[in-house]
Amino acid sequence: MDRGKVALLAAGWEPTLAEMSDTPAIGFAALSIALVAAAGRVPPSSATPAPAACISAAWAPTLEPIRIEMTPTGRARGASAVYEMRFAPSAFGVSVSAGGSYRYDVEVSVRGLLERPGEIYVTWVATPDLDDWVNLGPISNERGSAGVVHWNKFIVFVTAESSANVVEWSQRFLFSALSPSGKMHTMAGHGPFASEPCLDPRN
């Protein structure tokens, strides 16, 4: 049997009985080996596809929320606050910004906050260096605040303001917390966000 036919067999060619009957003994051995190899091959058209549910489960991102306890300042003594973040949903699994960063849904809630007359409590998200920020709106014991964040690292904080529509925060901070990806050392751990005062090494 010529090598061309063996190659054809390997590629899926199926010989007729007439072609098999005039095959020499040595060629017949090669033919038999090729037929056995071909028999073990499953045609692509008859292959059983993986169920769509299995594919979806294998590639689905984790959309369970991450719950972060926020650190209170003296102005929020006795109160607590948490924020939850999760990947923003998308038809492609998760949503990303134009710059390629993940987009997160962030929800903030407070409990036990002593609300003072004339104060509106506002939630903010900002980059750790405080170069960019977004007002997520007012927050109270009865009503949380929520928004979408498109930074890989960010800080969430709550301040007391005279209006919910302010474009920049005052220095009256109540709570703050870093995103899990931002817990490396940044300037957000100093100044008004510090839970403990920085020690002067000269003292």
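Each value in this text was obtained by applying a stated rule to the coordinates, not by laboratory testing. All values reported here derive from a predicted model rather than from experimental measurement. Quick reminder, even Gly has a Cβ in these numbers, built from the backbone with ideal geometry, and neighbours come from all protein chains shown.
What trypsin sites (Lys or Arg not before Pro) does region 92-151 have in DSSP loop regions with at most 14 other beta carbons within 10 Å?
Here the sparse-neighbourhood loop sites are Arg143.
Kindly give the semi-axes, whole Å and largest first, of the ellipsoid equivalent to region 57-193, taking each as the square root of 5 times a Cα gyration tensor eigenvalue. Working shown, then result.
Numbers: eigenvalues 140, 51, 39 Å².
Gyration-tensor ellipsoid for region 57-193: 26, 16, 14 Å.
Working out 0.36 nm times the residue gap between Arg77 and Arg172, then minus their Cα-Cα distance, what length gain in nm do you get to one decimal?
Working: separation 95, 0.36 × 95 = 34.20 nm, distance 1.33 nm.
Once the chain is fully extended between Arg77 and Arg172, it gains 32.9 nm.
Taking 0.36 nm per residue of separation and subtracting the Cα-Cα distance, what length does fully extending Trp133 through Ser95 add? Could you put the intermediate results ahead of the total?
Values: separation 38, 0.36 × 38 = 13.68 nm, distance 1.99 nm.
So the chain would gain 11.7 nm between Trp133 and Ser95.
Fewest to most neighbouring Cβ within 10 Å: what's the order for Phe87, Phe92, Phe157? Kindly include the intermediate steps, with their values, before the conclusion.
Numbers: Phe87 19, Phe92 9, Phe157 27.
Listing Phe87, Phe92, Phe157 from fewest to most nearby Cβ atoms yields Phe92, Phe87, Phe157.
Return the distance in nm (one decimal) between the two label points of a simple spin-label model at Asn152 and Ile66, each offset 7 Å from Cα along Cα→Cβ.
Output for this residue pair reads 1.3 nm.
Any idea what the relative contact order of region 57-193 is, in percent, if you count C-alpha pairs under 8 Å spaced at least 6 apart? Each step should come with its number before you reach the end.
Working: 299 pairs, mean separation 31.4, N = 137.
About 23 percent, as a whole number.
Summing Lys, Arg as +1 and Asp, Glu as -1, what charge do residues with Cβ under 12 Å from the Cβ of Pro89 carry, Pro89 excluded?
On the way: positive: Arg86, Arg103; negative: Asp105.
Result for the neighbourhood of Pro89: +1.
Rank the residues Thr159, Thr127 as a footprinting-exposure proxy: fewest other Cβ atoms within 10 Å of their Cβ go first. It would help to have the intermediate numbers written out before the result.
Working: Thr159 24, Thr127 18.
Least to most surrounded, the residues fall as Thr127, Thr159.
Within 10 Å of each residue's Cβ, count the other Cβ atoms and sort Tyr121, Tyr102, Tyr83 from fewest upward.
Working: Tyr121 24, Tyr102 17, Tyr83 27.
If I rank by nearby Cβ atoms, fewest first, I get Tyr102, Tyr121, Tyr83.
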